[in-house]
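Everything on this sheet refers to the single structure shown next.
The values are calculated or read from the model by the stated rules, or taken from the named source; none is laboratory data. Keep in mind it's a predicted model, so treat the numbers as computed, not measured. So basically every Cβ, Gly included, is an ideal-geometry build from the backbone, and we count neighbours across all protein chains shown. These accessible areas exclude ligands, DNA and RNA; they are computed on the full protein's heavy atoms, side chains included. Shrake-Rupley method; radii C 1.70, N 1.55, O 1.52, S 1.80 Å.
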Amino acid sequence: MKILLVDDEQKFAMMLAKRLALRNIDVDYVYTGEEALQKAQNNRYDVALLDVKMPGIGGIELKGKLKETHPDIKIVFLTGHGSKKDFEAGISEGAEYLSKPLQIEELLELLQRLKP
Amino acid sequence: MDSLMEIEKNDDLAFYGQVNASISHELKNILAVISETSGLMNDLMELSAGGKKIAPEKIMSCGHDIVEEIQRGFGTINQMNRFSHSMDQTISRVDLIQLIELMTGLAKFLSFACRLRLGKPPENCSTIRTCPFRLQNLIYRTLVYAFKSTGPDGEVHITIHRETNDSVCIAFSGIGLDSDEPFPEESTKKIAASIGAEVRMTGSNRTIEILVPELVEP
């Protein structure tokens, strides 16, 4: 399973990527939607973990762009807001949704469920 | 129903709520970093306890990152505290630079913020007697518009100068052209009028000016 993690909170992205790597999960992490699209040009990802609110291309717009080139990619939105509105936005966009701070076990369970 | 409608239309409450929502988002981000960093520290220590050789620097680096994030959290809570206390007195003498620094710091939590540069003001316009909360609202609204119009890669320059003997001008220059929204819109004009201020945009060089009178009588 290969994961693309996109979050403008740089330390969060780096730390989470390290924790996933320690669990033998192949993960690339970037800090902007633009970088994510570049990565996706040359890589095939099974799951994208996307922060919702980012400068430039936000998570919801990024999901649409990733789906154009990777129709099978599974999307998990990560957000610091955790409001009902965010949750509904995530579901209506046909994606999963996790609220920050994350519980690593919850994320691992979700990834297991999304495994192709 | 009328009283409920009044709450809905209350610009002060809306502003207070908007700023607090962005502060809580920032605090959640800080906690998320602390949570992942302490989680990584725990992962490394478990591996070490299981016999895997882990460089002590890796664990120390996590500790250092956690301390940095805690300091960031204290800074955010300090800003939250200063913002909350700005409602203590309806009218007071305020340090303009401190007030602008507070609002730029809070506005930077917005995901679409651009870079901001604050120029040093002349000696004769560093403080002003006004309603700090309403002036903060005007500055925040201007910054939100500036961010939307300029984009995350742009930079807005903020300067202060004395406009007349009894008024000070806060100018935001370098505003981009990305936003189609009108500014200042009616509610901003209303807030400005309540403190005798005026918000105006100069078309040629994309500068927004907030003219604030030196004294507002209670």
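Annotations for the structure displayed:
- Residues that are surrounded by fewer than 17 Cβ atoms within 10 Å (Cβ to Cβ), acidic (D, E) and within 14 Å of another protein chain (Cβ to nearest Cβ), drawn from the range A:5-34: A:E34
- B:G105 fulfils the conditions (1) within 15 Å of the chain's Cα centre (by Cα); (2) crowded, with 21+ Cβ neighbours inside 10 Å except for a single criterion, (2).
- Within the range A:43-59, the set of residues being under 24 Å from A:E109 (Cα atoms), within 12 Å of chain B (Cβ to nearest Cβ) and either touching a residue at least 60 places away in the same chain (Cβ under 8 Å) or of a type in the set (V, I, T) (or both) comprises A:V52 only.
- Filtered residues of the range B:71-85 (kept if touching a helix residue (DSSP H, G or I) at 6+ places or on another chain (Cβ under 7 Å), within 14 Å of another protein chain (Cβ to nearest Cβ) and open to solvent by 30 Å² or more (accessible area, probe 1.4 Å)): B:R72
- Wholly enclosed helices (runs of 4 or more DSSP H) of the range B:1-108 bearing at least 2 residues closer than 24 Å to B:F147 by Cα and outside the structural domain of B:I160 (by TED's automatic domain parsing): B:11-49, B:56-85
- Among the residues of the range B:43-60, those that are under 28 Å from B:H25 (Cα atoms) and open to solvent by less than 60 Å² (accessible area, probe 1.4 Å) comprise B:D43, B:I59.
- Matching residues, the range B:164-178, being out of contact with any Gly (no Cβ under 9 Å at 6 or more places or on another chain), open to solvent by 20 Å² or more (accessible area, probe 1.4 Å) and of a type outside the set (A, V, I, L, M): B:T164, B:N165, B:D166, B:S173
- Applying the criterion of being assigned to a strand (DSSP E or B) and within 14 Å of another protein chain (Cβ to nearest Cβ) to the residues of the range A:78-116, the residue that is modelled with the lowest pLDDT is A:T79.
- The range A:35-71: number of residues that are open to solvent by 40 Å² or more (accessible area, probe 1.4 Å) and in a helix (DSSP H, G or I): 12
- When the range B:184-218 is limited to residues that are open to solvent by less than 30 Å² (accessible area, probe 1.4 Å) and in a loop (DSSP other than H, G, I, E, B), the one that is modelled with the lowest pLDDT turns out to be B:V216.
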